Amino acid sequence: MKKNTIKYNIFFMLLALVGFTSCETIELDLTEDPLSVGPDSADPQLLLNQIQIDFAFFAETSGDLGSQVTRIDHLFGRQYLAAYGPTSFDRLWSRAYRDILADIRIMNPLAEEAGLSKNVGIGQFIEAYTIVTLVDLFGDVPYSEAIDATNINPVADDDAELYDRAIVLLDNAIANFNTAGPDPDTDFYYNNNFDNWIKAANTLKMKIYLSSRLVNTDAAAAFNAIVSSGDFISDNSEDLQFSFGSNEVSPDTRHPDYAAQYTGQGGGAYQSNWLMNQMNSSNDTRIRYYFYRQNAMTPGADGEDPSLETLACSATLAPPHYDGFTFCYLSDGYWGRDSGDDGGIPPDGLLRTAYGVYPTGGQFDDDTFGNIAQGSGGGGAGIQPILLASSVDFYRAEFALIGGQLPEASNFVRSGITKSIAKVQAFGDLDTNANLASFAPSASDNALFINDIVASFDANNTEGRFNILGEQFFVSLFGNGMDAYNFYRRTGFPSTLQPNIEANPGAFIRSMLYPQSYAATNSNAQQKPDQTVQVFWDTNPASGFPLSN
């Protein structure tokens, strides 16, 4: 509910700011909904604004799901079947269909009539990303018969066919981006740089080809054709992302995770023990940007006494299946939770590790170990990452590795880490009170970390290289883990992930259950038997896969 409120508040504030982000100033009655005058008379410019904002929140919600099941974020649930109930996905589903796709259907004829081809193109890109993400999460979903007022029971389309439909949408989007028509009044992503929109469309096509490589024999050739064109996201300045603000009330424009955690009581989400340990143990120079520690010591670690009150597991033994993995607590004050830990919430809101300055706009960790508070750090002026240049390098590393091109794979791993570090560390300036002079990593610190990872990659066998590729890809995806979820189901790596805290959590989530609002109300829908149903491109073994689960 909190995120929904933030979404609508941001919408009205951003409309108010249109005059500052576009070439012309327009006057708006901010109390009106874009559709308040009826669909036939709605403003296609205001509709596009709404679509863009809904898209950011759709990417955030879907990205959270991908992060939780791949240890980038903490998963709250010992049994995979019960970790997410059907109602968990109702808002995501509504955002996709009732908000994004419905508004695009209304906008398109209005925009076409007004000669706003680029509005249509942005809508086509967002539509393609939305349906591909729905396929990656759920498999078969309604599309051809969806958003039809005369059909309340749309039939689900075949998921493989929807991938093909997405490619067509992206080709059409590129054609519209190349038109000479007027620009949208407001472009929250690229400020009407349509060269970048074309690169984003091609990058999404690369993602589609990579995801489907196990079932599409032409995927590698299609992927490499885009690489040869050079027309894809390859520099951090071309990243597709949504920027939040720092306004706290009336309206609240902050990153949702910041708004939920940076309060007088703290709390919010627990950080992933796997990710924090992965970064801390390897001297990853992004860690002070990702996480902010509110204390220097964690109960049970580094000689600190256990605490039944604030971290009850610190007084217990690790389960046998955690042999070789960290359990409960980490060194150096990193305080999170193990994967699947669904225990009660103790009074640790101002003790546990919080979100840092990237990507949520929180505090940079400069060893002050003070409590988080509303307005501290970057004030919530973070981003929602969607398609990043660093991710493209990891895409290319995967294709190179499966093709036996080891020097190329190594170079792409190096490049992906380098771009990720540069992007993340640029956020340090958001926290104007941080002691960056003393605690920001130096260029030599970054080089040492990168060289160590690449040297380990080069010295390993194929399995070891896939583990390192997966680990570094996952670390770079903090803020949006959909690519990690796809990589994990596609490759089974990394096999080094911390197991679920439950010794027998059931089979891994190969796709999500259908939302309750769809399965229970659509007579043509049938709920899945469980979480083991595989999407069309996942042809890996049904049981015993991935290894870490």
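The values are calculated or read from the model by the stated rules, or taken from the named source; none is laboratory data. This one's a predicted model, so the numbers in the text were calculated from it and none came from an experiment. Neighbour counts are summed over all protein chains in view; Cβ atoms, including those assigned to glycine, are modelled from backbone coordinates with ideal geometry.
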Out of all the residues in the stretch 403-424, is one or more free of Cβ contacts under 8 Å to residues at least 24 places away in the same chain, within 28 Å of Val535 (Cα to Cα), assigned to a loop (DSSP other than H, G, I, E, B) and out of contact with any Pro (no Cβ under 6 Å at 6 or more places or on another chain)?
yes
Any pair with Cβ under 7 angstrom, 6 or more apart, that starts in the stretch 294-316 at a residue that is within 24 Å of Asp365 (Cβ to Cβ) and of a type in the set (D, E, K, R) and ends at one that is at pLDDT 95 or above and part of a loop (DSSP other than H, G, I, E, B)
Glu304/Met297; Glu304/Thr298; Asp305/Pro299
Residues of the stretch 78-116 being crowded, with 22+ Cβ neighbours inside 10 Å and not in a helix (DSSP H, G or I), which ones?
Leu116
Quick check, is Ile122 crowded, with 18+ Cβ neighbours inside 10 Å, β-branched (Val, Ile, Thr) and in contact with a Pro (Cβ under 9 Å, 6 or more places away or on another chain)?
yes
Residue pairs within 9 Å by beta carbon, gap of at least six or interchain, first lying in the stretch 148-175 and within 19 Å of Asn108 (Cβ to Cβ), second surrounded by fewer than 19 Cβ atoms within 10 Å (Cβ to Cβ) and of a type in the set (Val, Ile, Thr), listed first then second, are Pro154/Ile147
Hey, does the stretch 245-267 have a residue that's part of a loop (DSSP other than H, G, I, E, B) and closer than 19 Å to Ala484 by Cβ?
no
Please go through (1) out of contact with any Phe, Trp or Tyr (no Cβ under 6 Å at 6 or more places or on another chain); (2) over 27 Å from Ser391 (Cα atoms) for Met482 and return the number of the only condition it doesn't satisfy.
(2)
Just to check your reading of the model, which residue among Leu204, Leu275 is under 17 Å from the mean Cα position of the chain (by Cα), crowded, with 22+ Cβ neighbours inside 10 Å and under 25 Å from Leu48 (Cβ atoms)?
Leu204
Which of the residues spanning the stretch 483-527 are of a type in the set (Asp, Glu) and outside any loop (DSSP other than H, G, I, E, B)?
Asp483
Can you find, within the stretch 261-271, the residue that is surrounded by the most Cβ atoms within 10 Å (Cβ to Cβ) among those that are under 11 Å from Tyr355 (Cα atoms) and of a type outside the set (A, V, I, L, M)?
Tyr262
With the structure loaded, tell me whether Leu75 is touching a helix residue (DSSP H, G or I) at 6+ places or on another chain (Cβ under 7 Å), part of a loop (DSSP other than H, G, I, E, B) and crowded, with 23+ Cβ neighbours inside 10 Å or whether it fails that test.
yes
